[in-house]
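The values are calculated or read from the model by the stated rules, or taken from the named source; none is laboratory data. If you're wondering where the values come from, they're calculated on a predicted model, not measured in any experiment. Cβ coordinates were reconstructed from backbone atoms using ideal geometry, including for glycine residues, and neighbour counts include every protein chain displayed. For accessibility, only protein heavy atoms count, side chains too; no ligands or nucleic acids. Shrake-Rupley method; radii C 1.70, N 1.55, O 1.52, S 1.80 Å.
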Amino acid sequence: QVQLVESGGGLVQPGGSLRLSCAASGSGFSINAMGWYRQALGKQRELVAGITSGGRTNYADSVKGRFTISRDNAKNTVYLQMNSLKPEDTAVYYCKAGISFPLSRYASDYWGQGTQVTVSS
């Protein structure tokens, strides 16, 4: 059993910063790619940023230059540093991890519960 627990959301003024964290807990697993997604009210969930196990990153055009994704493999944690936040960044942010269990050869994507980010003055 693996759980992803997110933290770091909240209310911030336009131009401000927030740092989201997502930690995976459990045992007997390895983590492959990780990513952050967001879903604004009335809209579809979209990819914000992704990072491979080797550290290669990709970003949505809307956040390039403002957001940075990183990971600490020793802590099974992925981060999203969000700077120069805009009202249109308001959404529930979810982390996703591709997780495999070497002993059983089972693999699947796991999602966190989501954390609200609100950018407003």
Task: Dipole-positive endmost among 108, 83, 118 within the stretch 48-121 (Cβ charges, Cα centre) - done: 108
- [ ] Answer with one residue from 18, 94, 59: the one whose Cα lies farthest towards the positive end of the charge dipole of the stretch 1-107, charges on Cβ with Lys, Arg +1 and Asp, Glu -1.
- [x] 59
Open item on the list: I need the semi-axes of the equivalent ellipsoid of the stretch 79-121: take the C-alpha gyration tensor, multiply each eigenvalue by 5, square-root it, list largest first in whole angstrom.
Closed with: 32, 10, 6
Task: Carbon/sulfur fraction of accessible area - the chain, other protein chains in place, 1.4 Å, % - done: 47 percent
- [ ] Across the chain, how many lysine pairs, 8 or more positions apart or on different chains, have C-alpha atoms separated by under 20 Å? Please give the number.
- [x] 5
- [ ] Would you mind giving the three semi-axes, in whole Å and largest first, of the ellipsoid equivalent to the stretch 4-81 according to its Cα gyration tensor?
- [x] 22, 14, 13
Task: Net charge, residue 111 excluded, C-beta distance under 11 Å - Lys, Arg +1, Asp, Glu -1 - done: 0
